[in-house]
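Below: the structure, in structure tokens.
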Amino acid sequence: MVLSKENKGFLIVFIASLLDLTWLYGLKYAQSTLTYALTIGAICANFIVLTKAFKYLPTSVAYVVFVGFATLLVVLLDLALLYKDGQDLAFARVFFIFTLLIGVIGIKGAQK
């Protein structure tokens, strides 16, 4: 399967968003020198991967989609952890998560 230049850019942005999630939670849970070093490695990898996305997408689009995906992933993981701890999901929170998701999808669709 051959990806178009644009789709390759969005895939790279999604990978950068996953790395962003990794280092954010790394900061939260790091307790030893090794875990802090791994967190710093994830931060560096995040910036390197995001920079690669700028070759395939306009900087503004790549950054907005990156922030949107990363925010969405962090919120979804937080919700999963809260739900696991027995807290209820607020309708407003779920509504705005879907609004964010629609916005990110809309930006991708508007690129075509």
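The values are calculated or read from the model by the stated rules, or taken from the named source; none is laboratory data. These figures come from a predicted structure and were not determined experimentally. Here the Cβ is made from the backbone with ideal geometry for all residues, glycine too, and neighbour counts use every protein chain on show.
Points to keep in mind about this one:
- Members of segment 54-76 that are under 8 Å from the mean Cα position of the chain (by Cα) and not β-branched (Val, Ile, Thr): PHE66, GLY68, PHE69, ALA70, LEU72, LEU73
- Residue check, VAL104 surrounded by 14 or more Cβ atoms within 10 Å (Cβ to Cβ) and either in contact (Cβ under 8 Å) with a residue 12 or more places away in the chain or not in a helix (DSSP H, G or I) (or both): yes
- Only helices (runs of 4 or more DSSP H) whose full extent lies in segment 1-90 are considered here, and none of them has at least 1 residues that are free of Cβ contacts under 8 Å to residues at least 60 places away in the same chain, touching a Ser or Thr at 6+ places or on another chain (Cβ under 8 Å) and at positive phi.
- Odd one out for THR51, checked against (1) under 23 Å from LEU100 (Cβ atoms); (2) within 16 Å of the chain's Cα centre (by Cα); (3) of a type outside the set (Lys, Arg): (1)
- Looking only at residues of segment 36-72 that are modelled with pLDDT of 95 or more and β-branched (Val, Ile, Thr), we find that the one that is nearest to PHE14 (Cα to Cα) is VAL49.
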